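Data first, discussion second: the structure below is written as structure tokens.
The values are calculated or read from the model by the stated rules, or taken from the named source; none is laboratory data. Remember, predicted model here, so these are calculated numbers, not experimental data. Note that we place each Cβ from the backbone using ideal geometry, even for glycine, and neighbour counts take in every protein chain shown. Note: accessible area is taken over every heavy atom of the protein model, side chains too, but ligands, DNA and RNA are not part of it. Shrake-Rupley method; radii C 1.70, N 1.55, O 1.52, S 1.80 Å.
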Amino acid sequence: MSATGPAAAGGAAAPGAYDRRRELLQAFDDTKAGVKGLVDAGVTSVPAIFRHSADALDQLSSSSAPPLPPPTDAAAGGVPAQPREAVVAAVKRAAETLGFFQVINHGVPEELVAGVLAGVRRFNEQPADVKRRFYTRDTARKVRFSSNYDLFQSAAANWRDTLFCELAPDPPAPEELPEPVRNVLLEYGGAATKLALRVMELLSESLGLAGGHLRETGCAGSLNAVCHYYPPCPEPHLTLGTSRHTDADFLTVLLQDGVGGLQVLVDRGDGRRRRRWVDVPPLPGALIVNVGDLLQARRLDPFRLVSNDRFRSVEHRVLANKSMDTPRISVACFFNADMKRSTTLYSPITDGRKPPLYRSVTAKEFVARSYMKGLGGRPLDYFRSESAAAVASDGYDRRSELQAFDDTKAGVKGLQDAGVTAIPRIFHHPPDSLQGNASSPPFSLDDDAAAAVIPVVDLSGAPRADVVAQVRHAAETVGFFQVVNHGVPAELMAGMLAGLRRFNEGPVEVKRSLYSRDTANKVRFSCNFDLFHSAAANWRDTLFCDMAPDPPLPEELPEPIRIVMVEYCHAVTKLATWVFELLSESLGLASGHLLEMGCTEYLGTASHYQPPCPEPHLTLGTSRHTDPSFLTVLLQDSMGGLQVLLDGGGGRRGWVDVPPLPGALIVNIGDLLQALPHSPPHRDPFRSRLYVTSNSTPIVVVPCS
């Protein structure tokens, strides 16, 4: 009997890590002093709750190429520097190419800009007791001070404090505002609103609409001023000031001081779909205009919902403040619909040639989704319509290629049988999703330690109390573990794998008779259940069978697995029952607790067949995901390719191989078991994926959920 895992190898968090993190977050929040309070206390290192993963900290060094668009002259209150048509064209170009641009001659007085920055600084640098009176997470309050609105949701906290003020349509009473910003913030909000309306006029005209179109549809019905204070950070390489995100609004007008740190994520411009972070240097006298998600929509990059992918809403972030003694201050004015009163459905503006890429949505629904996900979430993806697979700008008709592939009803095996030497474009994954395709462990482990990253639990080789302890440790630290001496006969597992291989390598006409996307069919064969929804297809075919509580008739199952599938599922259900009992006991509950909640009432099998791939560096066998089940029991053959994403300590995460272990089955904690009130509360969330390396024989895997 053995149970080894990352804790022993210096990898994932030890048992209790989740509870401990929650305690640290709560203790920080209870001070009501924010990050400034930590700095005032003389911290010399960044607390663990602020440490970001290596992925989030990618490319912290700045880049100035490709350049940002030149400042746009808004020509407010004076003689235009250029004809209005030229200003409209400049705004359109900036909104379409980047969605993030600086404006000058904008009509907001310099003394007002300086005054609001000074007021925000005075508020944050006054005694902590004064600020604590405004500290709250109650979103019903029009004026609230806090550190990280998503503190308890995000993977890591950001090094900043925030004063949030709802300025329109129902502004707070003057006495509700802190004294340092009481007069100046309301005045600045009025000036920023005039600028936002002017920009919306220009954007409306750039779409061939009347100048008042966006204003009349309520795009500036509300204004929230978000005043960020970024204290100097003792270890800026370990954290961020603001995580990567897009803005869940129609338009943002951003004022930043001279410290810098703001970056946007832009295309490299080399035609290879690569992106890089680019500095947005402070420009004296300028304000920044940012197209928001509701004015945008996304393809590979954020574009916009109302403009139907014609304007971009760019991802941006703020680096932690590297200054030794000077804070960074910014004031973001977010313009949106009136959340309390507006019921307007915002729909993409189309020209009849390009289908809508997003479904209609109210601003309230959209912002609620954004808050639920927290900073760093991308709510636009949730509202994307099926027609998002529209014709690309280079003429590539992805939807037609997907449909043509699906119509063959032969799957990926059909492509292999046809002798393809290059994978079709619909299978090409973006570089971000292919990171970490090397098969070596991402952490500094020796070979023995690397092999021990995934726990192995012997279910029959020790007293029950010891087995319970090992299962709990595995579920809490990784949530993905191998079991041996599990009671499922070796010949039954071998028979299951052999039957599935015979089915997939049998006549294509037999497989076509089962090919379907109708989820009412208890037995169905297809390639990629999410073929028309995912960003890229995976290199695999799947036979799906609903086996409980209402199993299919024997004649409904393909002949190669007709008998063995029923026997295998019976044996796996016994194993799952056993594991649920152990998990219940590990939580100090009666052994039948999870079973009595119905966690084994349903059983579905997804039998994957992954043919050899001619270009494995361009695609995946299964994309990164978690399982929407209580528990998964996974049988894999000896080919390998399965990986899980684990913490490596110090904020690092990496993909770790799950090597095939002869005679073992894999147990995977599902999303529903993690979310249960009595589920292991301190297991870090994990994500697993399969992908195909260069193989001479196919991979066969059988998950039972």
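Residues in region 216-226 that are assigned to a strand (DSSP E or B), open to solvent by less than 30 Å² (accessible area, probe 1.4 Å) and either in contact with a Pro (Cβ under 6 Å, 6 or more places away or on another chain) or not hydrophobic (A, V, I, L, M, F, W, C) (or both): S222 only. Would region 592-604 turn up any residue that is under 29 Å from G640 (Cβ atoms), open to solvent by 20 Å² or more (accessible area, probe 1.4 Å) and out of contact with any helix residue (DSSP H, G or I) (no Cβ under 9 Å at 6 or more places or on another chain)? For region 592-604, residues under 29 Å from G640 (Cβ atoms), open to solvent by 20 Å² or more (accessible area, probe 1.4 Å) and out of contact with any helix residue (DSSP H, G or I) (no Cβ under 9 Å at 6 or more places or on another chain): absent. Here Y229 fulfils each of the conditions (1) surrounded by fewer than 20 Cβ atoms within 10 Å (Cβ to Cβ); (2) in contact with a Ser or Thr (Cβ under 8 Å, 6 or more places away or on another chain) apart from (1). State whether one or more residues within region 149-156 are at pLDDT below 95, of a type in the set (D, E, K, R) and in a loop (DSSP other than H, G, I, E, B). There is at least one residue in region 149-156 that is at pLDDT below 95, of a type in the set (D, E, K, R) and in a loop (DSSP other than H, G, I, E, B). Among the residues of region 534-570, those identified as touching a residue at least 60 places away in the same chain (Cβ under 8 Å), assigned to a loop (DSSP other than H, G, I, E, B) and either within 17 Å of L634 (Cα to Cα) or open to solvent by 30 Å² or more (accessible area, probe 1.4 Å) (or both) are A535, R540. When D249, D257 are screened for being crowded, with 19+ Cβ neighbours inside 10 Å, modelled with pLDDT of 95 or more and of a type in the set (D, E, K, R), only D257 passes.
Every condition in (1) more than 30 Å from D647 (Cα to Cα); (2) modelled with pLDDT under 90 holds for V508 except the one numbered (2).
Annotation: of all residues in region 183-215 being in a loop (DSSP other than H, G, I, E, B) and in contact (Cβ under 8 Å) with a residue 40 or more places away in the chain, the one that is farthest from K92 (Cα to Cα) is L209. When E96 is tested against (1) assigned to a loop (DSSP other than H, G, I, E, B); (2) crowded, with 16+ Cβ neighbours inside 10 Å; (3) of a type in the set (D, E), just one condition goes unmet, and that condition is (1).
Residue count for region 635-648, restricted to those that are in a strand (DSSP E or B) and open to solvent by less than 20 Å² (accessible area, probe 1.4 Å): 7. Pairs linking a residue in region 265-287 that is within 28 Å of P430 (Cβ to Cβ) and in a loop (DSSP other than H, G, I, E, B) to a residue that is open to solvent by 50 Å² or more (accessible area, probe 1.4 Å) and modelled with pLDDT of 80 or more, with Cβ atoms under 6 Å and 6 or more positions apart or on different chains, are R268/R276. Which of the residues belonging to region 504-533 are buried (at least 17 other Cβ atoms within 10 Å of the Cβ) and in contact with a Ser or Thr (Cβ under 8 Å, 6 or more places away or on another chain)? Once the filter is applied, which keeps residues that are buried (at least 17 other Cβ atoms within 10 Å of the Cβ) and in contact with a Ser or Thr (Cβ under 8 Å, 6 or more places away or on another chain), region 504-533 yields Y515, R524, F525, S526, C527, N528. What is the residue count in region 99-143 for residues that are surrounded by fewer than 21 Cβ atoms within 10 Å (Cβ to Cβ), of a type in the set (S, T, N, Q) and within 26 Å of D40 (Cα to Cα)? Count: 2. The residues listed here are E179, E201, E187; of these, the one that is acidic (D, E) and closer than 30 Å to V39 by Cα is E179. Of all residues in region 74-93, none satisfies being modelled with pLDDT of 65 or more, closer than 19 Å to L262 by Cα and within 33 Å of the chain's Cα centre (by Cα). Contact annotation: residue pairs with Cβ atoms under 6 Å, 6 or more positions apart or on different chains, pairing a residue in region 102-120 that is within 20 Å of T252 (Cβ to Cβ) with a partner that is among the charged types (D, E, K, R) and open to solvent by 10 Å² or more (accessible area, probe 1.4 Å), are I104/D73; N105/D73; L117/D257.
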